[in-house]
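Read-outs: derived from the displayed coordinates by stated rules, not from any lab. What you are looking at is a predicted structure, and each value in this text was computed from that prediction instead of being measured. Here the Cβ is made from the backbone with ideal geometry for all residues, glycine too, and neighbour counts use every protein chain on show.
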Amino acid sequence: MKQRPQPDDRHSLGPLHLWNTISWVVLGLLPTAVAVLDAAEAKKYGSLGLLALITLCYVLVLAPPRKPVLRPEVFLGLLALVEGGVSYQLGGAAAFYIVSLPHFWIFARNPRSSLVLSGLGAAATVFGGTLRQGWSPQFLTGNVVFTVVAYGAGVVLGLWVHRFMSQSNARAEQLASELHSAQEQLAEAYQRQGAAAERERIAREIHDTLAQGFASIIVLAEAARDANGTDADTCDQQLLSIVRTARENFAEARVLVGSAPQSGVAPGSVATTLRRTLDRFIQDTGLTVTADLADVDCDQTTRIALLRCTQESLANVRKHAAATTVGVVLARHPHGIELEITDDGRGFVPDEAQGFGLAGMRKRLAELDGDFTVTSSLGDGTRILATIPTNSQD
């Protein structure tokens, strides 16, 4: 049979256990002690000695469970004997037994022990009172009747409480198991979400760095092949650009695998960084680029976001726009930093656009609470507007 909670578990009952102690002292010990104050010395000191003994035992049984001084079963056995002794001294102690009855259900290990030990207390109370008064045909005295009735009521109530607590404990264990399972599932979901977010971040970084670099290398290599044998200077320039782009890709790859310091972006102001990117674009494509780049202050994360948006937009111009002129404007406004990139190319329908580039730029800016707007139509060129709020710079 399942054991009852041990003393350390009972301490968690808090107020309920405290009130039981107070009730036992106020309604059991003190009235019994007062009842013998006017008795003969032998009866008085005998009764007070028994009450003092059981009080001491009660304190000892409540000692910290890691250092047990008195076992609960021993205390309950002594309590039954003290009830018999007090009943003998007073000629009956049904009231003291009734007030002490909850101890048999609180401290016993299981219901069977509670039944046996509380029955022992009832028998001791009845026997002690009868022994003091002597045998009489009038055996059913008040002491006997109240003790027996209290025992029966205690059995019924104790078994009901035990069943109720068992059911409550079973429900609590079930809820705890369900909670633990839910926590494990939530942890797994967070882990999967984190892994998916990390894969998306790496994919975006690869697209914005390595993939763009490889695309540039392909274009430069094709241009160098076309110029080979006809324009040696152009061919040499294209080959130098290929080498430079390959080195930059190698540096970005080291950043992605964690063998180089993060960001992979050369230090300097955002305007300087964008200017270097535009110069490379002009050198590789020969397109006309007009740039108005304000020297705005921003943190490294914002600088990288603006650079990646510029790189992706220029790559799209190179691959898809067939443009002749590109305009880039970087400005700071009261509401934040704006980067505008326009071209006079063939344009497209934004809602029909597929691929990772535009979605990646939108996602990157959203992480900074920024906005990303694409305005384009067939034959009318394209306008990219990236806005990062000022509060993200504070």
Quick query: amide H of Gly336 versus all other amide H atoms, modeled in the peptide plane; which residues come in under 5 Å with a sequence gap of 5 or more or a different chain? Thr390
Which semi-axis lengths, in whole Å and largest first, follow from the square roots of five times the eigenvalues of the Cα gyration tensor of segment 287-394? 23, 15, 11
Considering all alpha-carbon pairs of segment 79-195, what whole percent are spaced by more than 16 angstrom? 66 percent
In Hz, Karplus ³J(HN,Hα) per residue of segment 314-330 (6.51, -1.76, 1.60; θ = phi - 60°; x = Gly, Pro): 5, 5, 5, 4, 5, 7, 10, 7, 6, 8, 10, 9, 10, x, 10, 10, 10
So if we plug the beta-carbon distance of Arg383 and Gln191 into 1/(1 + (r/R0)^6) with R0 = 56 Å, what FRET efficiency do we get, rounded to 0.05? 0.85
Highest mean first, how do 146-154, 163-171 rank when packing is the count of other Cβ atoms within 10 Å averaged over residues? 146-154, 163-171
Residue-ordered couplings for segment 19-25, obtained by feeding phi - 60° into the Karplus form 6.51 cos²θ - 1.76 cosθ + 1.60 and rounding to whole Hz (Gly and Pro as x), are 5, 5, 5, 4, 4, 5, 5
Check which residues have an amide H placed less than 5 Å from Ala353's amide H, if you skip close sequence neighbours. none
